[in-house]
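What follows is one structure encoded as structure tokens, with my remarks underneath.
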């Protein structure tokens, strides 16, 4: 009979050898990368033991399936260089902590320092102070992040520079302590088909100011402390914004919110410009109006207060359904005797006394102005699909694919018989001019260099602009 003790000892030796072999497969990295380098799946995981800097003109390629682990407080810096981090559905790339019990912010960041176009695809970012911090993307450059997850970081994506543009598509931002995507100053771009849950703020300080072309669309922002904070000349479209502890959308200027569902927040929207075709329900306050603006064709019901208006110009409040709100349908909190007229809204009643009983104004508090709600809409015009020209943007269009290579397709949302198309770079230089006379047309962009551009469409109804990315 074989000696059982020897057999046990042999097993222990084999297990120890196997454990050491597995441990030996990891690759420690630190310091400078001075020539093109690939981090391979065969040598994964990579342990970043001290700061790694990819020097100017150099490319770091990370293969699908690679795991990169960071020791505490260290970072990966891409300095006027490039990183290729293109995972796949089956083999995503992971950036995470090397700690046994990691917490949010335990390692530093991936810093993009004055870089050209950078794309992350099918990546996962965990436990960073800032998962991706982009500082001064090169002129015409753009940060593209697709099909990626940002979990348990302090900041998900932070835009820190002046030339920064962003395209974030089909990403998830969960449990980030400060915000999912944001900046200390305004930044522009496109955020599409993304989910933001359990963050302090989902999206912060979004909008490009000059071009009116930044857009958040097809996104879900729920169960954050605040959904969106600070929009400037941006557009929020086809989004669901619900169950946020404070505001669904707060502090927005010269922005449009259209075709959204905004429910079960403390305040649904703190409005400074336009909200169109939205459902606003189950909030403490549906819309808090600080200035003038357009509130048109919305359903505003089942809130505690439907609309609460403070100081500022009158704006346009018409063709809405405003009723069934618990305390007041309309709360007019403007002092100094200023009156307001809000005709042609549907109040779920044709009895003026019943409607007035759900409006708080100078009849309830002599320090406030009065609300004139006549004439009453009896046709439910909020349900009518034809939009009066003065109520909405005169026209709109889509461009695709985006990014594009040799040809860009432009499609107007309504028939536009004639339009002048101009393409500008981010320096404002005119790169091309053409005329189209159909609702859909192809535009040749093969002569454009790689980067971000503004397409301007001018018709008899006005001028609209959108951004697109040219890629080789």
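Quick notes
- Grouping the Cα pair distances of segment 272-393 into 10 Å bins from zero gives a pair-distance distribution of 15, 50, 33, 3 percent in increasing distance order.
- Sorted by Cβ density within 10 Å, fewest first, the residues 159, 133: 133, 159
- Bridge orientation summary for segment 272-393: considering DSSP beta bridges with both residues in this region, about 5 percent are antiparallel.
- Rg of the Cα atoms in the chain, relative to 2.2 N^0.38 Å, amounts to 1.18.
- Rg over Rh [alpha-carbon atoms, Kirkwood Rh] for segment 161-249: 0.93
- In the chain, helices alone account for a calculated mean residue ellipticity at 222 nm of -1500 deg cm²/dmol, with every DSSP H run of four or more residues adding -39,500 (n - 2.57).
- In segment 267-317, the inverse of the mean reciprocal separation of distinct Cα atoms equals 10.5 Å; this is its Kirkwood hydrodynamic radius.
- Label-to-label distance, nm, for residues given as residue 383 and residue 411 (7 Å Cα→Cβ offset): 3.0 nm
- Ranked list, fewest to most other Cβ atoms within 10 Å of each Cβ, for 280, 84: 84, 280
- A protection proxy built from the mean count of other Cβ atoms within 10 Å ranks the segments 318-331, 222-235, most packed first, as 222-235, 318-331.
- Among beta bridges from DSSP that stay inside the chain, the antiparallel ones total about 20%.
- For segment 147-292, relative contact order (Cα pairs under 8 Å, six or more residues apart, normalised by length) works out to 15 percent.
- Under the criterion of Cα pairs below 8 Å and six or more residues apart, the relative contact order for the chain equals 6 percent.
- Whole-angstrom Cα spans of segment 193-238 along principal axes, big to small: 32, 18, 10
A short reminder: the numbers here are calculations on the coordinates, not readings from a lab. Predicted model, so just to flag it, every value in this text is computed and none were measured. Cβ atoms come from the backbone with ideal geometry, glycine included; neighbour counts cover every protein chain shown.
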